[in-house]
Amino acid sequence: MDMPIETKEGALMLCAKYQDALRWVIYQIYPRSFMDSNGDGIGDLQGIIQKLDYLKDLGVNAIWLCPCYKSPNDDNGYDISDYRDIMDEFGTMADMEALIDVLHSRGMKLIMDLVPNHTSTAHRWFRESRKDKDNPYSDFYYWFDEKPNDWKSVFRGSAWEFDPVRGQYYLHSFAVSQADLNWDNPAVVKAMQEIVDFWIDKGVDGFRVDVVDMISKDLGAGKNCFGPRLHEFIHALFGRENGKNLFTVGECWVTDTDEMIRHCAAERQELTTLFQFDHIEKCGRSDKFSPKPDTLKTLRDHLLHWQQETEKHDLLNTLFTDNHDQPPMISRIANDREKRYESATCVAAMVYLLKGVPFIYQGQEIGRAAAHYDSIECFNDIETINTYRDFCQTMPEKEALERINFGSRDNARHPMEWDGSENGGFTTGKPWIALHSRYREINVKKDLAAERSVYRFYQALLKLRRENDAFLDGKVEALSSPDDAHMIFTRTLNGEKWAVICNFESEQRIELPFACEKPALSNLGRASMNGVYAPYECAVAKVIAGE
Ligand code: TEU
Ligand code: CA
């Protein structure tokens with residue numbers, strides 16, 4: 001295990017594997033909504049291949065692909081019926097192999113989405129398991145004669161479903177058709193190891209691991225996640241010889257640093273890093289469907305907390321605000337109307353110039369905002385539909401729809417807005433879900449033609465980051481105090497220092513305690529770092545040596 005190297009500023013250089021990962025810039029694709037290549041209204045793998053130049057030009061060098069395995073799509077691919085085959089709507093295994101090849105030929109990487117906690121009830125394992133109590137798959141799931149507890153599904157309702165064939169109840173933490181695998185059965189561990197091996201042999205470069213903390217449960221202690229064998233199972237998946245060069249990122253609702261260390265410390269050979277969701281949970285909402293007045297201070301404080309914690313324990317951090325389960329962050333705590341360009345670029349500078357691996361969700365690079373619909377018919381997501389149904393039991397339909405519009409995952413799942421034409425340039429057919437309600441205003445073509453383009457700002461930011469190691473390995477020092485309505489920090493590496501200023505919602509004068517060169521990056525074209533900052537204005541400049 002190579003010892004961490006100390007920089008002149010005393011910052012610990014991460015171990016070689018993590019240093020390499022710091023140079024990844026990962027673009028998350030929701031394949032169903034990215035690009036349709038055959039006119040059936042559903043995005044597909046050949047559609048992604050068509051848009052690789054767009055991604056390469058943006059400056060990303062890796063793709064995280066949401067699930068594209070065989071699936072009945074009750075939870076849009078997170079209900080898998082065959083981990084070794086491709087969903088018909090997305091294409092064939094040959095298309096997947098072509099995507100891997102063309103990515104690698106461009107020096108880009110592919111991260112698959114591994115869903116180890118549950119399978120679809122259409123999966124062969126479940127169809128076998130439900131037959132009776134003594135077949136090779138009978139203990140692949142959790143079966144009980146009576147409901148052993150009152151666990152609820154994340155998508156509402158009981159987490160236990162009675163199966164008339166088996167004559168018992170099975171556990172489903174998510175949809176009724178997403179049965180939880182019993183990882184305490186060594187055959188399940190072996191089966192999932194073989195699936196990881198299958199995709200490693202296909203050439204994938206890593207995995208995003210869905211709700212990984214739920215694969216170990218302790219029913220006796222009433223725990224449906226973080227069970228006693230969690231780290232044993234994660235190590236079993238990724239701690240083997242063939243896993244040592246993999247990039248793995250866990251979807252973990254981890255909240256404390258010790259647990260992050262247990263998941264991600266290099267010597268443990270479990271995960272490379274993880275998504276922690278503090279800022280996702282807390283920014284601009286009291287719960288997923290309940291807005292709460294908020295400002296960028298909340299985001300700043302969470303980001304800086306995890307900067308300090310990961311730096312202290314030389315852990316690799318992830319930098320993200322959006323994904324396929326969340327409405328756009330700028331719509332929750334900034335201004336996605338009059339100041340949409342400024343908000344999108346200011347948040348990008350706050351997040352992606354910190355130390356960690358950037359994750360950009362499709363559409364963020366054009367400043368996508370939350371959508372709004374006047375009918376539940378425009379929604380597709382199972383969590384959204386179930387929640388709406390529940391809300392209508394206790395509140396007027398109009399209020400239920402308002403809350404759904406605020407928190408629905410479909411806010412992240414509308415077809416990519418390539419242009420303002422009839423179907424947004426996404427398909428020549430009928431899109432599988434409603435186009436974004438603002439797609440004529442917010443789309444790639446319009447953004448690229450704009451005097452101030454979110455895409456070009458992202459491009460410039462990622463170029464600055466790529467060409468200056470201070471933004472990769474450099475020490476992070478925060479200069480804003482909790483009450484300040486701005487986020488100011490520096491990145492320093494071997495004597496080279498850069499300053500980043502991100503002003504929040506109110507115009508104010510900002511003076512740095514050191515002199516800087518002319519801004520190398522700014523969203524409103526500033527000539528100098530000091531002076532009056534407009535709402536959501538940001539700028540980045542090198543600090544003059546000796547200052
Ligand atoms: O999400 C896990 C998860 O917890 C989410 O359900 C989240 O809490 C919820 O959507 C917030 O609204 C993962 C995947 O990212 C999600 O898309 C899947 O639906 C889920 O697991 C089940 O596989
Ligand atoms: Ca298609």
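The values are calculated or read from the model by the stated rules, or taken from the named source; none is laboratory data. None of these values were measured; they are calculated from a predicted model. Note that each Cβ is placed from the backbone with ideal geometry, even for glycine, and that neighbours are counted across all protein chains shown. We work out accessible area using only protein heavy atoms, side chains counted, and drop any ligands, DNA or RNA first. Shrake-Rupley method; radii C 1.70, N 1.55, O 1.52, S 1.80 Å.
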Whichever residue in the range 406-423 is part of a helix (DSSP H, G or I) and open to solvent by less than 30 Å² (accessible area, probe 1.4 Å) and, among such residues, is nearest to Gly47 (Cα to Cα): Ala412
Matching entry among Pro513, Pro519 (being without any contact (Cβ under 8 Å) to a residue 40 or more places away in the chain, assigned to a loop (DSSP other than H, G, I, E, B) and in contact with a Lys or Arg (Cβ under 7 Å, 6 or more places away or on another chain)): Pro519
Out of everything in the range 308-345 that is in contact with a helix residue (DSSP H, G or I) (Cβ under 6 Å, 6 or more places away or on another chain) and of a type in the set (D, E, K, R), what residue ends up being modelled with the lowest pLDDT? Glu309
If you go through the range 320-358, how many residues are aromatic (Phe, Trp, Tyr) and either open to solvent by less than 10 Å² (accessible area, probe 1.4 Å) or within 16 Å of ligand 2 (Cβ to nearest atom) (or both)? 2
Is at least one residue of the range 15-32 small (Gly, Ala, Ser), more than 30 Å from Glu128 (Cβ to Cβ) and either surrounded by fewer than 21 Cβ atoms within 10 Å (Cβ to Cβ) or at pLDDT below 95 (or both)? yes
Subset of the range 228-247 that is more than 23 Å from the chain's Cα centre (by Cα) and touching a residue at least 40 places away in the same chain (Cβ under 8 Å) - its residue that is least open to solvent (accessible area, probe 1.4 Å): Ala236
Would a scan of the range 34-47 turn up a residue that is part of a strand (DSSP E or B), under 24 Å from Asp210 (Cα atoms) and not basic (Lys, Arg)? no
Here are some residues: Ala175, Ala179. Which one is assigned to a strand (DSSP E or B) and within 16 Å of ligand 1 (Cβ to nearest atom)? Ala179
Positions within the range 359-379 being among the polar types (S, T, N, Q) and either under 16 Å from the mean Cα position of the chain (by Cα) or buried (at least 23 other Cβ atoms within 10 Å of the Cβ) (or both), in sequence order: Gln362, Gln364
Exactly one condition in (1) hydrophobic (A, V, I, L, M, F, W, C); (2) modelled with pLDDT under 95; (3) within 16 Å of ligand 1 (Cβ to nearest atom) is false for Ile80; which is it? (2)
I need the full set of residues from the range 106-144 which are open to solvent by 10 Å² or more (accessible area, probe 1.4 Å), more than 26 Å from Val154 (Cα to Cα) and assigned to a loop (DSSP other than H, G, I, E, B), in order please. Arg106, Gly107, Lys131, Asp132, Lys133, Asp134, Asn135, Pro136
Between a residue in the range 333-349 that is free of Cβ contacts under 8 Å to residues at least 60 places away in the same chain and any residue that is surrounded by 24 or more Cβ atoms within 10 Å (Cβ to Cβ) and basic (Lys, Arg), which pairs come within a Cβ distance under 9 Å, given they are 6 or more apart or on different chains? Asp336/Arg368
In the range 250-288, how many are open to solvent by 30 Å² or more (accessible area, probe 1.4 Å) and either over 14 Å from Phe226 (Cα atoms) or in a helix (DSSP H, G or I) (or both)? 11
Can you find even one residue in the range 380-401 that is within 16 Å of ligand 2 (Cβ to nearest atom), of a type in the set (A, V, I, L, M) and surrounded by 18 or more Cβ atoms within 10 Å (Cβ to Cβ)? no
Report yes if Leu472 is touching a residue at least 12 places away in the same chain (Cβ under 8 Å), open to solvent by less than 60 Å² (accessible area, probe 1.4 Å), touching a strand residue (DSSP E or B) at 6+ places or on another chain (Cβ under 6 Å) and closer than 22 Å to Tyr27 by Cβ, otherwise no. no
Give me the residue from the range 235-249 that is among the charged types (D, E, K, R) and assigned to a loop (DSSP other than H, G, I, E, B) and, out of that set, farthest from Leu316 (Cα to Cα). Arg240
Report yes if Ala348 is part of a loop (DSSP other than H, G, I, E, B) and at pLDDT 95 or above, otherwise no. no
